[in-house]
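Contents: one structure, followed by commentary.
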Amino acid sequence: MSTFKAPKGTYDLIPPDSATYLAVREAIAAPLRNSGYGYIETPGFENVELFARGVGESTDIVTKEMYAFETKGGDRLALRPEGTASVLRAALEANLHKAGNLPVKLWYSGSYYRYERPQKGRYRHFSQVGAEAIGAEDPALDAELIILADQAYRSLGLRNFRILLNSLGDQECRPVYRTALQDFLRGLDLDEDTLRRSEINPLRVLDDKRDAVQKQLVGAPLLRDYLCDACKTYHEEVRELITAAGVSFEDDPKLVRGLDYYTRTTFEFVHDGLGSQSAVGGGGRYDGLSEMIGGPALPSVGWALGVDRTVLALEAEGVELSLPASTSVFAVPLGEEARRVLFGKVTELRKAGVAADFSFGGKGLKGAMKNANRSGARYTIVAGERDLAEGVVQLKDMESGEQMAIGVNEVVAELESRLG
Ligand code: AMP
């Protein structure tokens, strides 16, 4: 027998741990659903050109990490490395921005693919929940998104995360800064690659993780000193609104992030228990992206939170989510007649919304009770020939150990009322 393994850099979500992932997705989505964001789902792959234009030709994501391929029909596609470009593409294609109701607020949840060097917290297939607010330039919208992400993390019980905040300026002030930064970088002792990067995308050099580079960057010009008045005012208002909401953050004048499309507000959520892959989520404003992919001017803002790293952050903080047991009632039939009757009861319970499971495979009492225990069910119903002849089943409370006979026709109503 061959034994296949999950591809390098990927892993499977299996019970019981998979329940935590679902709960994390749900917890991130809940504040969005509650704030006017509608659910959107886009394909797992797109035309490669969408990402090249939308994410940026010079980014690692596009040049090194994209799963790009040609189909048998000759289409050049890529597995999506991130969500924003696809969501904006879909919104433009469906003319959501023309419905006269801006901003268009959307949330999504799904799988993303990057050909990265795998390590703890960095995978080739990972999962994000994201939100995009398309078509409005309003600092309250930037603030709303930051506040909702904070709320999502707090609702999960996370405490040791920090919010880093910066402004990347706009078309007016960023080019001036870019030139000043390039002048500064040209005077440093940098390797070929980094020099090339400083010509194409100098802001990304600020993001270099290497100590030797960071040391040289002390004294580099900071964008914050170059922001135009409009960007300064905008940023100040974002800061005031999130402060007023009781959300604390740190100004990080070097925060740039790995995607080219950001303008003005950028932020990252970092968790201090995760080692080198500390970013659990990030986002910002992308006022120019729509035009970059052929749409009209639609100033927008969004974020994506990583589900995998959020789960790791919960582990790092020792937070156990209190997940409800997946099964409330477990049915144990002894004999053919009991199988028929209890299978019917399980179906009735499920229809009534009670989580119920059944001992399959014709097990004996001992094996079946083991399954009942493992299921975490609060109640077990057991029935043998003699019980059925008397018109009853045995209802056992697995917490107290108490057991009582109850009429076959009453047991569903009784369980419904006990489980409230
Ligand atoms: P980004 O689109 O790079 O800003 O990523 C947003 C979030 O997605 C990050 O903060 C991570 O939580 C998550 N993420 C990005 N890349 C990976 C990866 N390779 N493995 C796991 N999570 C990732």
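The values are calculated or read from the model by the stated rules, or taken from the named source; none is laboratory data. Owing to the predicted nature of the structure, the values given are computational and were not obtained by experimental measurement. Glycine also receives a Cβ, built like all others from the backbone with ideal geometry; neighbour counts cover every protein chain displayed. All accessible areas refer to the heavy atoms of the entire protein, side chains included, with ligands and DNA or RNA removed. Shrake-Rupley method; radii C 1.70, N 1.55, O 1.52, S 1.80 Å.
Numerical summary
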| read-out | value |
| --- | --- |
| Residue check, V354 open to solvent by less than 50 Å² (accessible area, probe 1.4 Å), assigned to a loop (DSSP other than H, G, I, E, B) and of a type outside the set (G, A, S) | yes |
| Hey, L321 open to solvent by less than 60 Å² (accessible area, probe 1.4 Å) and touching a residue at least 60 places away in the same chain (Cβ under 8 Å) or not | yes |
| Residue under evaluation R374, criteria (1) over 23 Å from E336 (Cβ atoms); (2) at pLDDT 95 or above; (3) outside any loop (DSSP other than H, G, I, E, B), criterion not met | (2) |
| Looking only at region 273-293, and only at residues there that are more than 14 Å from the ligand (Cβ to nearest atom) and touching a residue at least 24 places away in the same chain (Cβ under 8 Å), the one that is most open to solvent (accessible area, probe 1.4 Å) | M292 |
| Positions within region 242-272 being part of a helix (DSSP H, G or I) and open to solvent by 10 Å² or more (accessible area, probe 1.4 Å), in sequence order | T243, A244 |
| Selection status of S328, modelled with pLDDT under 95, farther than 25 Å from A85 by Cβ and not aliphatic (A, V, I, L, M) | no |
| Helices (runs of 4 or more DSSP H) enclosed by region 114-230 - at least 1 residues per element that are more than 15 Å from the ligand (Cβ to nearest atom) and farther than 30 Å from S35 by Cα | 174-186, 192-200, 211-217 |
| Candidate set: region 403-417, residues that are in contact (Cβ under 8 Å) with a residue 60 or more places away in the chain and touching a strand residue (DSSP E or B) at 6+ places or on another chain (Cβ under 9 Å); chosen: the one most open to solvent (accessible area, probe 1.4 Å) | V408 |
| Every pair of residues 6+ apart whose Cβ atoms lie under 8 Å, when the first sits in region 326-351 and is under 16 Å from K396 (Cα atoms) while the second is open to solvent by 90 Å² or more (accessible area, probe 1.4 Å) and of a type in the set (G, A, S) | none |
